[in-house]
Structures are given as C-alpha cells and as structure tokens.
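Asker: This structure is in structure tokens; I'll ask about it shortly.
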C-alpha cells in the first residue's frame, strides 16, 4: 500500500507492511488468542437477593400484665380453697398426758447421773374428720428449767379420727454428765422423798382427710412439766405420784 503527499515537499513514498506476529505491542493479547483473564462468576442468588427477616419483638407489656394477673388470681383461689377447707375441717391439736411413769436405779456422783425412766403417754386424736400422721418422734427427759437428762427416738405412728393410742418407752442414761448444779438440786429433792422430772416430745405431724386434702408437716411440741416421782428410801426407785398429768401441746 502506498501513500502520496502533495504539500510541495519532495515526494516521499511510504510503504507499509503488515505487522508480524512477533511485533505485538506489550500488554495486548495476540490476535486469535483467548482473553487471558478469567471472567467474573455470575452473581449467586444468595448474594443477589436476601429476604428481609422482620426483627423478633420482645414480649409485650400487656401480655406480661395478663400473666401476672392470672398467676395472682390462681394463687388467691388456691389460698381461698385451703382456707375454706381449714374452716370446714377445723384441725384440733391432739391430747397428750402422762398416764404412768416410774424411775429406777437413780444414782448420782458429783456431776454425773445414772437412771432409767419408764413412761406411758396417752395420745388422743380429738378430730372428728381428720387423721394425724406422727413422724420423726423424739422423747426427752428434762429436769428443772430445761436441763436435758436423756432422750430416745420413737417410731412413727398414725391416728385415725377420734383414735386413742398409748405410747410406751424407756429412757436410760449411765454416768451421763449433767453438771454439779443439776446433781445438787436432784439430791436435795430426793432427800425430801420425791423428785420432779419433765417429759418433752417433739414430732412432725400432718392432718389429712385421707386422699384429697392434707396439711404440710409441722412441728408438734408437747411439754409435760414437773411429773412427781415418789422415791423409796435407799433404793433409787419410785413411781409417779398422783393422777395422770396433762401435757401442754403446741404447733
């Protein structure tokens, strides 16, 4: 191919030649070759479109108020039913009294005591509609203002309505330390021919109609104070003086 200029300058003829394959400009792919860079992948669906999830809202105040009101109403109803049942059945405390008692082998040193007490308690369920369960029963022999001399666990027992039960047990101590003051007081009473001992009973009890209504277990406390024991001189033995002694019962 030839090109001619006519600007008045001497004629110059420029002859062009097709570019050789080895004369390709740097940075450009050769003719007839594939594009050297990987094509970007098509956008995925998850990237192109993400569904909008509505935010989870907190519990509304009105719902909370309804729940609180419902819980309070249920609590009031249950309490009212229990109160009505309590009024209808009217649980009464059982009756306790010391029916018979004796002491043997009563002997003392300067601060120690040896003795055996044999006791029979009369227990009556005064309820006409309720039964009583006695559990974890503990009997103690007390002197004076509360000095404990001995104790023994008793088996649990059950009383149907208007039932009467006699509970027999023995409490024994050998060389039990009680202190000089207690020994001195017991010796002083013994010199007068009789000694007063107390009996205390603790028990966890519940009242029940049988199947559908019952109370929780509560601690029953029984105090039989100053049971007089007439002693035979020089033997350390004796029995309860007078009539059966009533006990104070608390719940």
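The values are calculated or read from the model by the stated rules, or taken from the named source; none is laboratory data. All values derive from a computational prediction rather than experimental measurement. As a convention, Cβ positions derive from the backbone with ideal geometry for all residues, glycine included, and neighbour counts pool all protein chains shown.
Asker: Looking at (1) farther than 23 Å from residue 205 by Cβ; (2) within 38 Å of the chain's Cα centre (by Cα); (3) at pLDDT below 90, which is the only condition residue 147 fails?
Answerer: Condition not satisfied by residue 147: (3).
Asker: Same structure, new question: If we scan region 216-224, do we find a residue that is buried (at least 17 other Cβ atoms within 10 Å of the Cβ) and under 31 Å from the mean Cα position of the chain (by Cα)?
Answerer: yes
Asker: Restricting attention to region 208-221, which residues are touching a residue at least 12 places away in the same chain (Cβ under 8 Å) and in a strand (DSSP E or B)?
Answerer: Hits for region 208-221 are 208, 218, 219, 220, 221.
Asker: Oh, and also: Mind checking which residues of region 116-133 are in contact with a helix residue (DSSP H, G or I) (Cβ under 9 Å, 6 or more places away or on another chain) and crowded, with 18+ Cβ neighbours inside 10 Å?
Answerer: Across region 116-133, the qualifying residues are 127, 130.
Asker: Can you tell me which residue among 174, 167, 205, 201 is part of a strand (DSSP E or B), under 16 Å from residue 142 (Cα atoms), within 32 Å of the chain's Cα centre (by Cα) and modelled with pLDDT of 95 or more?
Answerer: Answer to the selection: 201.
Asker: Additional query: Could you please tell me which pairs satisfy a Cβ distance under 8 Å, a separation of 6+ or placement on different chains, a first residue in region 168-193 that is under 19 Å from residue 227 (Cβ atoms), and a second residue that is in a loop (DSSP other than H, G, I, E, B)?
Answerer: Final answer for the pair search is 178/111; 182/144; 185/144; 193/233.
Asker: Go through the residues of region 206-228 one by one and say whether even a single one is touching a strand residue (DSSP E or B) at 6+ places or on another chain (Cβ under 9 Å) and under 13 Å from residue 106 (Cβ atoms).
Answerer: No, region 206-228 contains no residue that is touching a strand residue (DSSP E or B) at 6+ places or on another chain (Cβ under 9 Å) and under 13 Å from residue 106 (Cβ atoms).
Asker: Let me ask you something else. State all residues of region 110-139 that are part of a strand (DSSP E or B) and over 26 Å from residue 215 (Cα atoms); if no residue qualifies, say none.
Answerer: Those that are part of a strand (DSSP E or B) and over 26 Å from residue 215 (Cα atoms): 112, 113, 114, 115, 116, 117, 118, 119, 120.
Asker: Also, I was wondering about something else. Among (1) within 23 Å of residue 244 (Cβ to Cβ); (2) not in a strand (DSSP E or B), where does residue 186 come up short?
Answerer: The one condition residue 186 does not meet is (1).
Asker: What residue, of 231, 251, is under 26 Å from residue 187 (Cα atoms), in contact (Cβ under 8 Å) with a residue 40 or more places away in the chain and either surrounded by fewer than 14 Cβ atoms within 10 Å (Cβ to Cβ) or in contact with a helix residue (DSSP H, G or I) (Cβ under 8 Å, 6 or more places away or on another chain) (or both)?
Answerer: One residue alone meets the criteria, 231.
Asker: May I ask you to verify whether residue 76 is under 32 Å from the mean Cα position of the chain (by Cα), more than 30 Å from residue 210 (Cα to Cα) and surrounded by fewer than 15 Cβ atoms within 10 Å (Cβ to Cβ)?
Answerer: no
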